[in-house]
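Presented below is the structure to which this report refers.
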Amino acid sequence: MTSLFNRYLGPNWLADHDNPSIWQLVDEIPDEELWRTHRLLKMIMIAAMQDRARERWKEHASPDIIMASGIMFDPNTLTIGFARRFASYKRANLILHDLDRLKGIHNHSRHPVQIVFAGKAHPADNSGKQLIQQVFNAAKDPALGGRIAFIEDYDEGVAQYLVHGVDVWLNNPQPPFEASGTSGMKAGINGVPHFSVLDGWWIEGFNGANGWAFNGSGNGTEATDSEELYAILEERIVPAYYDKDESGVSRSWVEIMKESIKSTAPRFSSRRMVKEYALGFYQDALKYANEIVP
């Protein structure tokens with residue numbers, strides 16, 4: 001993505017990256033180039049997953065563990081990413097609530113979906129560990145066609161592959177417990193649209209055109225929330241991704257990608273935050289301090 005930004009946003013985009021006008025130049029990036037660049041990053045991510053699976057095979061891991069590592073992932077398939085700390089309120093298993101329905105979504109003959117999970121639980125968080133086990137068991141289930149993967153040993157290197165390479169970033173915490181959700185911001189800047197409950201950063205970040213949102217009941221009704229998640233996935237996300245023209249590009253999807261970049265990059269930045277603190281608070285505080293100090 002950096003090479004695209006260097007070419008189309010000008011030489012000073014990084015030094016002035018909290019300037020919204022710079023990011024409007026994202027519209028100048030040809031759809032084909034953005035789509036091709038993202039597809040390359042997706043292929044690199046899947047290749048890295050498969051390399052890790054091969055290493056596990058060399059260690060004599062069982063075939064079901066190899067399948068759970070993403071060895072069967074396809075770069076032509078819509079790919080959802082969920083990567084963060086496994087804590088109960090983050091509900092990594094919400095999309096697994098109705099496995100029969102999920103099997104239909106995953107194994108659709110023309111418009112399949114695959115999901116890659118990654119993350120760790122706190123050593124003392126037994127419920128978080130149980131969530132990982134539930135996800136891992138789903139990834140090993142042959143009925144899901146090898147279209148769920150769990151990446152072990154989650155670290156910054158794995159995160160970098162995922163925020164660049166997946167097509168959609170999923171986040172479905174139980175409101176109002178999400179503090180922020182910085183992984184979604186990183187994905188959004190890379191043109192990966194966010195799909196989230198309206199909690200954390202997404203309450204401010206969602207503008208109706210840069211991803212998808214659902215309310216999330218906040219009262220623990222997993223059936224209601226998962227139904228809303230499945231409906232948006234089936235009725236809006238999947239059709240948009242697979243609506244490709246004769247050149248193999250989904251114009252409507254690229255439009256969402258561009259809006260994701262434009263709306264996320266300048267606002268959700270440390271530079272913007274520090275400048276606002278300095279100009280809005282620290283300057284006046286310094287003036288006041290100078291006035292009262294003899």
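Annotations
- Screening Ser88, Ser69, Ser62 for residues that are free of Cβ contacts under 8 Å to residues at least 40 places away in the same chain and among the small types (Gly, Ala, Ser) leaves exactly one candidate, Ser62.
- Subset of segment 257-274 (residues that are among the basic types (Lys, Arg) and in a helix (DSSP H, G or I)): Lys258, Lys262, Arg271, Arg272
- Scope segment 204-244; condition farther than 13 Å from Asn172 by Cβ, in a helix (DSSP H, G or I) and without any contact (Cβ under 8 Å) to a residue 60 or more places away in the chain; matching residues: Ala231, Glu235, Arg236, Ala240
- Among the residues here, Gly280 qualifies as assigned to a helix (DSSP H, G or I) and without any contact (Cβ under 8 Å) to a residue 40 or more places away in the chain.
- Any chance Ala240 is within 17 Å of the chain's Cα centre (by Cα), aliphatic (A, V, I, L, M), farther than 21 Å from Arg91 by Cα and surrounded by fewer than 21 Cβ atoms within 10 Å (Cβ to Cβ): yes
One line per residue, one yes/no per condition, for (1) more than 21 Å from the chain's Cα centre (by Cα); (2) among the charged types (D, E, K, R):
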| site | (1), (2) |
| --- | --- |
| Trp23 | no, no |
| Glu32 | yes, yes |
| Arg36 | no, yes |
| Ala48 | no, no |
| Pro63 | yes, no |
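- Some residue of segment 94-117 being among the aromatic types (Phe, Trp, Tyr) and at pLDDT below 95: no
- Which numbered condition Val249 misses (of (1) modelled with pLDDT under 95; (2) in contact with a Phe, Trp or Tyr (Cβ under 9 Å, 6 or more places away or on another chain); (3) farther than 18 Å from Val163 by Cα; (4) part of a loop (DSSP other than H, G, I, E, B)): (1)
- Residue in segment 8-37 that is farthest from Val254 (Cα to Cα), counting only those that are surrounded by 12 or more Cβ atoms within 10 Å (Cβ to Cβ) and among the polar types (S, T, N, Q): Asn19
- For segment 38-65, the set of residues classified as at pLDDT 95 or above and touching a helix residue (DSSP H, G or I) at 6+ places or on another chain (Cβ under 6 Å) consists of Leu41, Lys42, Met45, Ala48, listed by residue number.
The values are calculated or read from the model by the stated rules, or taken from the named source; none is laboratory data. From a predicted model like this one, the values you see are computed outputs, not experimental measurements. Positions of Cβ are backbone-derived with ideal geometry, glycine not excepted, and every protein chain shown enters the neighbour counts.
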